[in-house]
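Undergrad: Before I ask anything, here is the structure I am working with.
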């Protein structure tokens, strides 16, 4: 689904990603863990097309297209979805108006017809149920006055509406209590299929009890330095990152 | 060249204008002429004109149009039915107007009124040190008297259409409106221009809202770049009355709106809403005053602007709460979004409170669109252009949605679509 080769990216002249390699095939969930400042959120931002970051080297193949050549909106239209660590509040723009605009621009890009109002509302009802999001929140302004848990559930609701090929969850678990975490994870699991892939960026192993990854990667100092099965997350939880750091410094 | 070297004398500007032939009170006309004699246009050193330069205007010597150009009035009309008065270059164009008899409503031209009928004209207006008010009196071409009888409920909005259709001409118009006790009426004013570069509209309205009356004034200002508009509304509210005004400004080289509401009775409600969406070299200046003289009143004021390219805007809103005006709730806000590095705004909200038991607030914000929100929308497949439009619409929508007349909303949206590519 996505193949990242030797990715280098910097912000304000400071290199954050230093030759990152990652491959996530369709049908799989990969977790990316790592200490603070390793470059986890930078990776999410670079993939989503945030302009503050400059890609200096490397390539990203997204299901056959050169991702780095695309604008942010075209990445989304090609099937990329980023669940934000800090979802943005947008006063005055209703969730449904926003999502209808989004869905229709994506459809237009793909040469499909606009969705009818009736089908759209049916879809809103169906998808909001996946994350147990109160239907009333759908008509409110985007994220305005939402609790932390509601904001994260709204991200997964949007993901359900847009049905992406690749979803990147950037610390979607941070700040969630166990109930909200379970709801969010259930939502993600329901949306899993053989045709899509998910990258879960997280600090905590806890989330991975609910969203079980096929592969766990450790991101440190701008590169993937270790990959392993889901048990690697438990090992990291137990031992922290110092042994990874030590290993790296020994090289 | 410094300002002192420019000829800013009023006489250059007025040399082709003709002293009014309307039967206004004679002393008022004399006073206005005297006021203008030897005067110069105010400069930016003058507090009321600090951010609005009259240089371009003062260089003009407009003429008075003598005939109508056969304009297409339905293209300008906001309402399809009801009384429609079309004023082209300062005089009524009967061919383009439509009149209906409505019980309780009197519409009359000043030029067909006797001196007695015009006895009160000018009584709400100061001409002293008010150059444009003095001009509006001394060079008045025509006026419209609108009287709503006590208890009359006028359902259909009355529409007044100003059209400038001649290059470098001056249109000078007065409205005198009396809303009788417990009456209800709505007035829509559209200001337009067609091929009338360097033309100026000077429009003054004196509005009296009697006890228990409801009056709504909606203004859509959509002239062309190259036009000047100085508008003054003087409103007096008596007790238990409600006055609501919507001012939507979408075009014009220089648009100056002076609104003063004297709330002269208790238990009144006053709503002033303004939206301005500017680009190019347009300039809009909203000066408002709400003067609470009596207790137990409520006023809401919200002006919002979106300023793009090299356009500039000014907001100066004063709210006075006099000593005896206790239990006043007065809310005022002005918000601006600058869409380019060269757009600018000067915002000055002012509250002067002399009573001690009141609830008042005011606020002013100016900023750019939230780039994080733009990115968020883009990351959901929405183009940058649509994302910015969504955010601007949401911002300005807050004030546009205060208007509850569908015709006015439709026309506003049609122009926004034409000028900004919006589909609301």
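The values are calculated or read from the model by the stated rules, or taken from the named source; none is laboratory data. Being a predicted model, the structure only gives us computed values, none of them experimental. As a convention, Cβ positions derive from the backbone with ideal geometry for all residues, glycine included, and neighbour counts pool all protein chains shown.
Undergrad: Could you tell me whether region B:327-340 includes any residue that is more than 11 Å from chain A (Cβ to nearest Cβ), under 30 Å from residue A:46 (Cβ atoms), touching a strand residue (DSSP E or B) at 6+ places or on another chain (Cβ under 6 Å) and modelled with pLDDT of 95 or more?
TA: Within region B:327-340, one or more residues are more than 11 Å from chain A (Cβ to nearest Cβ), under 30 Å from residue A:46 (Cβ atoms), touching a strand residue (DSSP E or B) at 6+ places or on another chain (Cβ under 6 Å) and modelled with pLDDT of 95 or more.
Undergrad: Kindly indicate whether residue B:370 is at pLDDT below 95 and out of contact with any strand residue (DSSP E or B) (no Cβ under 8 Å at 6 or more places or on another chain). Spell out how you get there, then give the answer.
TA: Working: at pLDDT below 95: yes; out of contact with any strand residue (DSSP E or B) (no Cβ under 8 Å at 6 or more places or on another chain): no.
Here the answer is no, as residue B:370 does not meet what is asked.
Undergrad: Would you confirm, using the coordinates I've provided, whether residue A:200 is at pLDDT 90 or above, more than 14 Å from chain B (Cβ to nearest Cβ), surrounded by 19 or more Cβ atoms within 10 Å (Cβ to Cβ) and more than 20 Å from residue A:103 (Cα to Cα)?
TA: Details: at pLDDT 90 or above: yes; more than 14 Å from chain B (Cβ to nearest Cβ): yes; surrounded by 19 or more Cβ atoms within 10 Å (Cβ to Cβ): yes; more than 20 Å from residue A:103 (Cα to Cα): yes.
In short, yes.
Undergrad: Which pairs have Cβ atoms under 7 Å, sit 6 or more apart or on different chains, and link a residue in region B:362-375 that is within 12 Å of chain A (Cβ to nearest Cβ) to one that is assigned to a loop (DSSP other than H, G, I, E, B) and buried (at least 16 other Cβ atoms within 10 Å of the Cβ)?
TA: B:372/A:88; B:373/A:88; B:375/A:50
Undergrad: If you scan region A:66-92, which residues turn out to be within 7 Å of another protein chain (Cβ to nearest Cβ), under 18 Å from residue A:42 (Cβ atoms) and part of a strand (DSSP E or B)?
TA: Matches in region A:66-92: A:82 only.
Undergrad: Moving to a separate point now. Restricting the search to region A:37-68, which residues are touching a residue at least 60 places away in the same chain (Cβ under 8 Å) and surrounded by fewer than 14 Cβ atoms within 10 Å (Cβ to Cβ)?
TA: Residues satisfying the conditions do not exist here.
Undergrad: Give, as residue ranges, the strands (runs of 3 or more DSSP E) completely inside region A:139-234 that count at least 2 residues that are without any contact (Cβ under 8 Å) to a residue 60 or more places away in the chain and closer than 30 Å to residue A:251 by Cα. Spell out how you get there, then give the answer.
TA: Numbers: elements: A:166-170, A:197-201, A:215-220, A:223-228.
Fully inside region A:139-234 and qualifying: A:223-228.
Undergrad: Find the strands (runs of 3 or more DSSP E) located wholly in region B:273-387 whose residues include 3 or more that are in contact with a helix residue (DSSP H, G or I) (Cβ under 6 Å, 6 or more places away or on another chain), and list them.
TA: Numbers: elements: B:283-292, B:298-307, B:312-321, B:329-338, B:344-353, B:359-367.
Per the criteria, B:298-307.
Undergrad: Further question: If I filter region B:405-418 for residues that are closer than 25 Å to residue A:100 by Cα, in contact with a helix residue (DSSP H, G or I) (Cβ under 8 Å, 6 or more places away or on another chain), within 12 Å of chain A (Cβ to nearest Cβ) and not in a strand (DSSP E or B), do I get at least one hit?
TA: No, because not a single residue in region B:405-418 is closer than 25 Å to residue A:100 by Cα, in contact with a helix residue (DSSP H, G or I) (Cβ under 8 Å, 6 or more places away or on another chain), within 12 Å of chain A (Cβ to nearest Cβ) and not in a strand (DSSP E or B).
Undergrad: Could I ask something else about it? Quick one: is residue B:394 part of a helix (DSSP H, G or I), within 14 Å of chain A (Cβ to nearest Cβ), closer than 30 Å to residue B:269 by Cα and touching a strand residue (DSSP E or B) at 6+ places or on another chain (Cβ under 7 Å)? Outline the logic, then answer.
TA: Working: part of a helix (DSSP H, G or I): yes; within 14 Å of chain A (Cβ to nearest Cβ): yes; closer than 30 Å to residue B:269 by Cα: yes; touching a strand residue (DSSP E or B) at 6+ places or on another chain (Cβ under 7 Å): yes.
So residue B:394 passes the test.
Undergrad: Give the residues of region B:10-29 that are assigned to a helix (DSSP H, G or I) and either modelled with pLDDT of 95 or more or surrounded by 13 or more Cβ atoms within 10 Å (Cβ to Cβ) (or both), sorted by residue number. Let's see the steps before the verdict.
TA: The initial filter retains those residues of region B:10-29 that are assigned to a helix (DSSP H, G or I), namely B:10-14, B:26-29.
Across region B:10-29, the qualifying residues are B:10, B:11, B:12, B:13, B:14, B:28, B:29.
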